[in-house]
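Taking it in order: structure first as structure tokens, then the write-up.
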Amino acid sequence: MKKYLSKIIFALIVVVFIICCCFNAPITEAIGTLWSLLPPVVAIGLALITKEVYSSLFIGILTGGVIYAASTASGFEGMFNAVVNDGIIANIADSYNVGILVFLVVLGTIVVMMNRAGGSRAYGEWAAEHIKTRKGASIATFLLGALIFVDDYFNCLTVGSVMRPVTDKHQISRAKLAYLIDATAAPICIIAPISSWAAAVAGTVDGVNGIQLFIDTIPYNLYALLTIIMVIFIALGDFDYGTMKLHEENARKGDLFTTKNTAYPPDDKPTHTKGKVMDLILPVVILIVMCVLGMVYTGGLFSGTDLITAFAECDASYGLALGSMGAIIIVIVYFLARRVLTFTSCMDSIVAGFKQMVPAILILCFAWTLKTMTGMLEAGPFVSGIVESARAIQILLPLILFVVAIGLSFATGTSWGTFGILIPIVTGVFSADLATTAETGIIPEMVIICISACLAGAVCGDHCSPISDTTIMASTGAQCDHVNHVSTQLPYAFTVAGVCAVGYLISGFIQNVFAVLGISIVLMLVTLFIIRMLTKKSKKA
């Protein structure tokens, strides 16, 4: 019975949600109601029940199509048009999405070339000499993730390809690696002023200096800061809990996956025995430099725009695609000059790299389509209406915004879309207070707290959601089964979210960054010490 308990619970949640939808509005009037959140609930519920992500996402998309057709009285033709034309085809044809897919394929190709040239093997041997412990491998993964802060997609895939040989050597499970990658992707980017995330946030607020506002929100972004503390604590303490504990116990016995990993093919074996560490480091450095240059180029750096503004106005997708295309040309020339790969082997790596990224591409395309369906059903305006009704309770508004942002981001799989919806609502609520900002240059503290709560909740929901781009990228970077990554990460994310909820409750009463952040950090550390003590007791028992 215990084996099926979680599945029964998730199934009951989906059934109860459908009943609530029926009470909220008839399905013929579903647009802009609770029905708009049913497709992601179905997809996420099925993924956690069946442990199969592709069919779960597709059924969620079909659910959205059925609801849309019923509410617009367009029948089967309307359903298939919404799913296929407005959903799948439109998302695959979208220039931003294509840029991300190009970057994925190019990165996969570079990783294959590094493996075939012997760079990954050489790096693994070097790391075995210099990184002696599991703690060291975990901290090294965290530090590399913290260094690559310009973009979360770039972070996930680069850190994964570099650190996989090291964490495998020290018997760290792929689920744990995926968590370390995910925890240093969006949570790092959302507190980095020079990043694509800073650009996205800065563009959502009118009438104030967007970058300055973003910097002001950093100390109040509790989820990002406490996640970083948690990663360091768990890495140094070398302990785990929840479903991650089983994965780590199995990894120590030699099983890195726990469940059968059929999504990703094994890494290519080196074809050259004289590969050096530089054959891994230099391609990664070239990729980083070229992608950063590509991003600031799209922001107008070479047309006279300053660096921060160039990041704020960059097109991350086009910049990553442009930079990665330039990087692969340089990397091919480098490997040919080193004579560790032939031209034919380099060209074969393109096909092999594409194959490596097929699972991620398929999941991404389905996830983008599911987001389109929730957009067509107007999930955003429905949630914004809920927040609007809570504006009278300003003291509790940070907590309410944090919780709503988690729910919206979790259901839609997009943090950018979440704070894009909620931040304008916050500025609308505090429009009278912001009216004086243009004259004084001082942004009211409560505005900063509420926007921080939106950002923190958006990242938290994104961190938990199986249909989030960043979560998918983290699974891809670690080459970990996607459902395994989500299920093992949820207890950790919920722990941090619980502490954050207390922090934002306090912030409504004590509008002081030092008090709020200090109390939250102490509470986070106490919580982790208690969890660690309990896990040790259960181990002894």
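The values are calculated or read from the model by the stated rules, or taken from the named source; none is laboratory data. Please read all numbers here as calculations on a predicted model, not as lab measurements. Cβ placement follows ideal geometry from the backbone for every residue including glycine, while neighbour counts extend to all protein chains displayed. Quick note on the areas: whole protein, heavy atoms, side chains included, nothing else; ligands and nucleic acids left out. Shrake-Rupley method; radii C 1.70, N 1.55, O 1.52, S 1.80 Å.
Examine region 61-71 for a residue that is open to solvent by less than 10 Å² (accessible area, probe 1.4 Å), closer than 30 Å to I328 by Cβ and part of a helix (DSSP H, G or I), and state whether such a residue exists. Scanning region 61-71 turns up no residue that is open to solvent by less than 10 Å² (accessible area, probe 1.4 Å), closer than 30 Å to I328 by Cβ and part of a helix (DSSP H, G or I). The helices (runs of 4 or more DSSP H) falling completely within region 164-264 that include 1 or more residues that are under 30 Å from L293 (Cβ atoms) and at pLDDT below 90 map to 186-189, 196-202, 210-217.
Selection of first residues in region 245-258 that are under 8 Å from R174 (Cα atoms) and touching a residue at least 60 places away in the same chain (Cβ under 8 Å) and of second residues that are in a helix (DSSP H, G or I) and of a type in the set (A, V, I, L, M, F, W, C), restricted to Cβ pairs under 9 Å at least 6 apart or on distinct chains, gives the following pairs, ordered by first then second residue: L256/A175; L256/L177; F257/A175; F257/A251.
Return yes when M376 is of a type in the set (A, V, I, L, M), within 18 Å of C156 (Cβ to Cβ) and either touching a Leu at 6+ places or on another chain (Cβ under 9 Å) or touching a residue at least 40 places away in the same chain (Cβ under 8 Å) (or both) and no when it is not. Considered against the rule, which asks whether it is of a type in the set (A, V, I, L, M), within 18 Å of C156 (Cβ to Cβ) and either touching a Leu at 6+ places or on another chain (Cβ under 9 Å) or touching a residue at least 40 places away in the same chain (Cβ under 8 Å) (or both), M376 comes out as no.
Condition check ((1) in contact (Cβ under 8 Å) with a residue 60 or more places away in the chain; (2) β-branched (V, I, T)) across all residues:
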| position | (1), (2) |
| --- | --- |
| I443 | yes, yes |
| G457 | yes, no |
| A478 | yes, no |
| H482 | yes, no |
| P491 | yes, no |
| G498 | no, no |
| S507 | yes, no |
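Would you mind stating whether M290 is modelled with pLDDT of 80 or more and crowded, with 20+ Cβ neighbours inside 10 Å? The answer is yes for M290. When V513, V522 are screened for being of a type outside the set (G, A, S), closer than 22 Å to A235 by Cα and open to solvent by 10 Å² or more (accessible area, probe 1.4 Å), only V522 passes.
The residue list I530, I467 contains one member that is in contact (Cβ under 8 Å) with a residue 24 or more places away in the chain and of a type in the set (V, I, T), which is I467. Which one is nearest to the chain's Cα centre (by Cα), of the residues in region 14-51 that are closer than 27 Å to L362 by Cα and open to solvent by 60 Å² or more (accessible area, probe 1.4 Å)? Selected residue: K51.
Residues in region 314-341 that are closer than 17 Å to S95 by Cβ, among the charged types (D, E, K, R) and open to solvent by 70 Å² or more (accessible area, probe 1.4 Å): there are none.
Which is among the polar types (S, T, N, Q) and surrounded by fewer than 24 Cβ atoms within 10 Å (Cβ to Cβ), of S487, S465? Reasoning before the result, please.
Details: S465 fails: surrounded by fewer than 24 Cβ atoms within 10 Å (Cβ to Cβ).
Answer to the check: S487.
Among all positions in region 401-410, there is no residue which is crowded, with 18+ Cβ neighbours inside 10 Å and farther than 17 Å from L455 by Cα. Screening I59, I67, I100, I89 for residues that are out of contact with any strand residue (DSSP E or B) (no Cβ under 9 Å at 6 or more places or on another chain), of a type in the set (V, I, T) and at pLDDT below 85 leaves exactly one candidate, I100. If the Cβ limit is 8 Å and pairs must be 6+ apart or interchain, which residue in region 330-353 that is of a type in the set (S, T, Y) pairs with which residue that is surrounded by fewer than 17 Cβ atoms within 10 Å (Cβ to Cβ)? Correct list of pairs: T342/L336; S345/T271.
Just need a number here: residues in region 32-90 that are among the hydroxyl-bearing types (S, T, Y) and more than 22 Å from I386 (Cα to Cα).
Matching residues across region 32-90 total 7.
Go through region 342-373 and give me each residue that's under 21 Å from L287 (Cα atoms) and open to solvent by less than 40 Å² (accessible area, probe 1.4 Å). Answer for region 342-373, where residues must be under 21 Å from L287 (Cα atoms) and open to solvent by less than 40 Å² (accessible area, probe 1.4 Å): S345, C346, S349, A352, G353, Q356, M357, A360, I361.
May I ask you to verify whether I506 is β-branched (V, I, T) and open to solvent by less than 30 Å² (accessible area, probe 1.4 Å)? So I506 does not fit the description; no.
Mind checking which residues of region 108-158 are out of contact with any Phe, Trp or Tyr (no Cβ under 7 Å at 6 or more places or on another chain), more than 20 Å from S475 (Cβ to Cβ) and either among the aromatic types (F, W, Y) or not in a helix (DSSP H, G or I) (or both)? Residues satisfying the conditions are G118, Y123, W126, I131, K132, T133, F149, V150. Remark: V285 matches the filter, which requires a residue to be within 18 Å of T109 (Cα to Cα), at pLDDT below 85, surrounded by fewer than 16 Cβ atoms within 10 Å (Cβ to Cβ) and among the β-branched types (V, I, T). Taken across region 93-106, residues that are under 18 Å from D315 (Cα atoms), touching a residue at least 12 places away in the same chain (Cβ under 8 Å) and part of a loop (DSSP other than H, G, I, E, B) do occur, with at least one present.
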